[in-house]
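Structure first, then comments.
The values are calculated or read from the model by the stated rules, or taken from the named source; none is laboratory data. This is a predicted model, so every value here is computed, not measured. Positions of Cβ are backbone-derived with ideal geometry, glycine not excepted, and every protein chain shown enters the neighbour counts. Accessible surface areas use protein heavy atoms only, side chains included; no ligands, DNA or RNA. Shrake-Rupley method; radii C 1.70, N 1.55, O 1.52, S 1.80 Å.
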Amino acid sequence: MSRKRLYAALALLALVTGCSGNAAADGAVKLSLDAALPTTVPDGTKIVVGDPATEVALKLSGQYDKVSKYVQFANLSGGPQTTEAFRAHALDVGSVAEIPPIHATWTGLHVKIVASKFRKDPLNHPIYQLGIAPGTTVKTLSDLRGKKIAYSPGQAQGALILKVLQKAGLTKDDVKLVELPSTGDVYTNALAAKQVEVAPIGGVQIKRYLAKYGKDGATTIPHGIRDDAGHLYVPTESLEDSGKAAAIRAYVAAWGVAQIWIDTHPKEWIQGYYVKNQGLTESDGQWLVDNAGHPDISADWSGAIQRQQATIELLAKETGNKVIQAKDLYDLRFQTVAADAIKAGAK
């Protein structure tokens, strides 16, 4: 989505939903960020959610009507679009990977993580692999020295490259980082054109890259680093509105149940989401399901916070930003919400 189209979409969302997200501006009493979460969603409450995949899962599983009373979905995803929507007060919940909440905080936006999803056996079910351009020999991470590597600051792929360099005992000075947006097939096209020699590629792009360019010598290698973090995060001003806080809590519960439905209904998910919604082939969908493995939604965020802190410290060192505390990014009032809903749904 272009920036012009994004702004137009945000303006329309704000107009249609009246999503100011600012309780103080509306004259309401703010809900303290350490107050107990309200459990009843008041009539008329609406939150705008940028989580397209879960929207489809809720519809396919027959659960959509349970959230439609208080949720309006927006076709927005990814860190940059979500951050822009938060700033425009046009979005209350976004679905992203590890980096956007960190980057948003560094840019002065106050956000909190309210749900986290990981993968079981994450090293054998990575989101990304390192794509290697045809004619380039990279078999191990140490072979990255001197290579041109695609890099997207502020996004998960960019952070992954910094982690890979750290694991390989290399610095940014030992390679040539080429800044490119990590959207669509930009990275695979850059590899094929030898604009870069290495790029982190994910999802079905891995399968398609090898199928299209493997005959020319294109390869991929595993990076051996956990890259499985996925979060729902929100602007704190939405949590300071008691009605919205209750709606966000209810959505996190529904989100948790939806992730388990996806895992336990792979055929329906492949047909309903990957084929009908995303326009992929059934083969592509099956590859994505197999590659993803099974979700891990824990009621204990301590390990996630520890890993996030390590990421923050690495990024701060490499970007010159201030070290922030990962625990401050998480709203621990939500720590058990999704896991509890999954348990209740299993009974």
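In region 265-286, of all residues being open to solvent by 70 Å² or more (accessible area, probe 1.4 Å) and in contact (Cβ under 8 Å) with a residue 60 or more places away in the chain, the one that is farthest from I206 (Cα to Cα) corresponds to E268.
With respect to A115, is the statement that it is more than 28 Å from P235 (Cβ to Cβ) and not charged (D, E, K, R) true? Spelling it out, it is not the case that A115 is more than 28 Å from P235 (Cβ to Cβ) and not charged (D, E, K, R). Among the listed residues D331, D340, identify the single one that is among the charged types (D, E, K, R), touching a residue at least 40 places away in the same chain (Cβ under 8 Å) and either more than 30 Å from Q166 (Cβ to Cβ) or touching a Phe, Trp or Tyr at 6+ places or on another chain (Cβ under 7 Å) (or both). So the residue among D331, D340 that is among the charged types (D, E, K, R), touching a residue at least 40 places away in the same chain (Cβ under 8 Å) and either more than 30 Å from Q166 (Cβ to Cβ) or touching a Phe, Trp or Tyr at 6+ places or on another chain (Cβ under 7 Å) (or both) is D340. Taken over region 268-302, the criterion of being in contact with a Phe, Trp or Tyr (Cβ under 9 Å, 6 or more places away or on another chain) and under 30 Å from I102 (Cα atoms) is satisfied by L288, V289, P295, D296, I297, S298, W301.
Under the condition of being under 18 Å from the mean Cα position of the chain (by Cα) and touching a residue at least 60 places away in the same chain (Cβ under 8 Å), the residues counted in region 59-74 number 1. When the strands (runs of 3 or more DSSP E) confined to region 130-223 are screened for residues that are open to solvent by 20 Å² or more (accessible area, probe 1.4 Å) and touching a residue at least 12 places away in the same chain (Cβ under 8 Å), those reaching at least 3 such residues are found at 176-179. Just one of the listed residues (T40, T45, T17) is at pLDDT below 95, closer than 26 Å to A258 by Cα and over 23 Å from the mean Cα position of the chain (by Cα), and it is T17. Within region 54-85, the residues that satisfy the criterion of being part of a helix (DSSP H, G or I), in contact with a Gly (Cβ under 7 Å, 6 or more places away or on another chain) and surrounded by 22 or more Cβ atoms within 10 Å (Cβ to Cβ) are G79, T82, A85. Reported count of residues in region 113-127, each being out of contact with any Leu (no Cβ under 6 Å at 6 or more places or on another chain) and either modelled with pLDDT under 95 or in a strand (DSSP E or B) (or both), is 4.
Restricted to region 295-320, and to residues that are open to solvent by 60 Å² or more (accessible area, probe 1.4 Å) and polar (S, T, N, Q), which residue is farthest from S152 (Cα to Cα)? If we take residues in region 295-320 being open to solvent by 60 Å² or more (accessible area, probe 1.4 Å) and polar (S, T, N, Q), then S302 is farthest from S152 (Cα to Cα). Looking only at residues that are of a type outside the set (V, I, T) and modelled with pLDDT of 95 or more in region 143-158, which one is nearest to T319 (Cα to Cα)? Applying the filter and picking the extreme gives Y151. The set of residues in region 238-255 being open to solvent by 10 Å² or more (accessible area, probe 1.4 Å) and in contact with a Pro (Cβ under 6 Å, 6 or more places away or on another chain) consists of S242 alone. For I248, the stated conditions hold: it is closer than 21 Å to Q72 by Cβ, among the hydrophobic types (A, V, I, L, M, F, W, C) and modelled with pLDDT of 95 or more.
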